[in-house]
1. Of everything in the range A:105-134, what is in a helix (DSSP H, G or I) and surrounded by 16 or more Cβ atoms within 10 Å (Cβ to Cβ)? Give them in sequence order.
2. Of the residues that make up the range A:99-119, is at least one within 14 Å of another protein chain (Cβ to nearest Cβ) and small (G, A, S)?
3. How many residues does the range B:1-13 contain that are surrounded by fewer than 23 Cβ atoms within 10 Å (Cβ to Cβ) and in contact with a strand residue (DSSP E or B) (Cβ under 8 Å, 6 or more places away or on another chain)?
4. Might you check whether a residue that is surrounded by fewer than 21 Cβ atoms within 10 Å (Cβ to Cβ) and touching a Ser or Thr at 6+ places or on another chain (Cβ under 7 Å) occurs anywhere in the range A:19-28?
5. Could you list, in sequence order, all residues of the range A:53-77 that are open to solvent by less than 40 Å² (accessible area, probe 1.4 Å) and of a type outside the set (A, V, I, L, M)?
6. Working carefully through the options B:E50, B:E35, find the one that is open to solvent by 30 Å² or more (accessible area, probe 1.4 Å) and within 29 Å of B:G195 (Cβ to Cβ).
7. Based on this model, can you work out whether B:R176 counts as farther than 30 Å from B:G102 by Cβ and either at pLDDT below 95 or open to solvent by 20 Å² or more (accessible area, probe 1.4 Å) (or both)?
8. With part of a loop (DSSP other than H, G, I, E, B), farther than 14 Å from B:P33 by Cβ and touching a Leu at 6+ places or on another chain (Cβ under 8 Å) as the only criterion, which of B:L173, B:L199 stands out?
Protein chains: 2
Amino acid sequence: MSEKPRLRIGVLGSGKGSTFAAIADARATGRLPVEISLVLSDVADAGILEQARRRGIPAQHIAPGDYRTKLDENAEAAFIETLRVARVDLIVLAGFMRILKGDFLRAFTNRVINIHPSLLPSFTGLAAWKQALEYGVKITGCTVHLVDQGIDTGRILGQSAVPVLPEDSPDSLRHRIQETEQTLYPEILRQIALGEIKLG
Amino acid sequence: MSEKPRLRIGVLGSGKGSTFAAIADARATGRLPVEISLVLSDVADAGILEQARRRGIPAQHIAPGDYRTKLDENAEAAFIETLRVARVDLIVLAGFMRILKGDFLRAFTNRVINIHPSLLPSFTGLAAWKQALEYGVKITGCTVHLVDQGIDTGRILGQSAVPVLPEDSPDSLRHRIQETEQTLYPEILRQIALGEIKLG
């Protein structure tokens, strides 16, 4: 009898890749039963690509085109095609700084997840930790959610709370949230891989 | 040398008074250095009045007038006058189901606090636990905040997180949040009374 094939994930990121590293490390230690099929970035020299290559995971830069906050049509098609060729079951956004539009989401309905640095529905959009600090909340956190056509509006899959401390700066709060993300994201991925969370 | 006078609080509520009871019990056991000067209710047979009388705390019903969600002009004036005569330093809303308007808030600027059953700014308004459940968040909670002219928009003084469980009904979640409120509200009152939280 053959073993059930593992969930194949593709990770998209634009930054240094600390959240990706947490996922890859969880996989390497056997806590996360997935295959990381590939890592894609819109930024040629993103640390996430280096983090992947160092671990022997296929990593590729795809130029995003001329827009600043989304992919142009050709780039979007290239992302979709590359993920399809890699037979990816689930697309994991880990600090990917471009909004994914209709064609991409229709190609992978209910198969794109993201982590957002607030307790949604509070503080959608950019620099959520700074928004939280400026609002004056005492508790914020992070949220793993399905990506839909809205900005940070998709179904919530998991959340962790993070205290805001009196002495916090935007950077110190951001750092505390990121540390929590590095625990929450692998845990939610594990639950998806084991079928404990259904994506619909 | 005379001791610094204790903070005098007036509690306003419309319901059975479980949050008030938690505050009164914290005071009775010495954990909360305040005087509860009086309890007022817009509901003649509200349990909170009975809870107060049982503890020997002055308790009074003031008829709210003809509106359903606020006090009419005479009732508002009666609430203000009664709280002034009792020399109340801080007005503590504990399940008070009417919106307090400009005249009341101007009479007690930065001296009215409320507890709301969500992690604000998420889920303002009525039945916040039900809103949270319907949205699908995994973490909600409660928030103590200054009351300003908006609905649940005043400065946040304290928050506690409460998990949403897969089997939760609106009632079970509401109950779990209320239990947390009964810890958070006395604790924030204690910090106000000790000057650890300044109301401005």
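The values are calculated or read from the model by the stated rules, or taken from the named source; none is laboratory data. The structure displayed is predicted, hence computed values, not measured ones. With ideal geometry, Cβ positions are generated from the backbone for all residues, glycine too; neighbour counts draw on all protein chains shown. When the accessible area is computed, the model is the full protein with side chains, heavy atoms only, and any ligands, DNA or RNA have been set aside. Shrake-Rupley method; radii C 1.70, N 1.55, O 1.52, S 1.80 Å.
1. A:L105, A:A107, A:A128, A:W129, A:K130, A:Q131, A:A132, A:L133
2. Scanning the range A:99-119 turns up at least one residue that is within 14 Å of another protein chain (Cβ to nearest Cβ) and small (G, A, S).
3. 3
4. no
5. Result: A:P64, A:G65, A:D72, A:E76.
6. Only one candidate passes the filter, namely B:E35.
7. So B:R176 passes the test.
8. One residue alone meets the criteria, B:L199.
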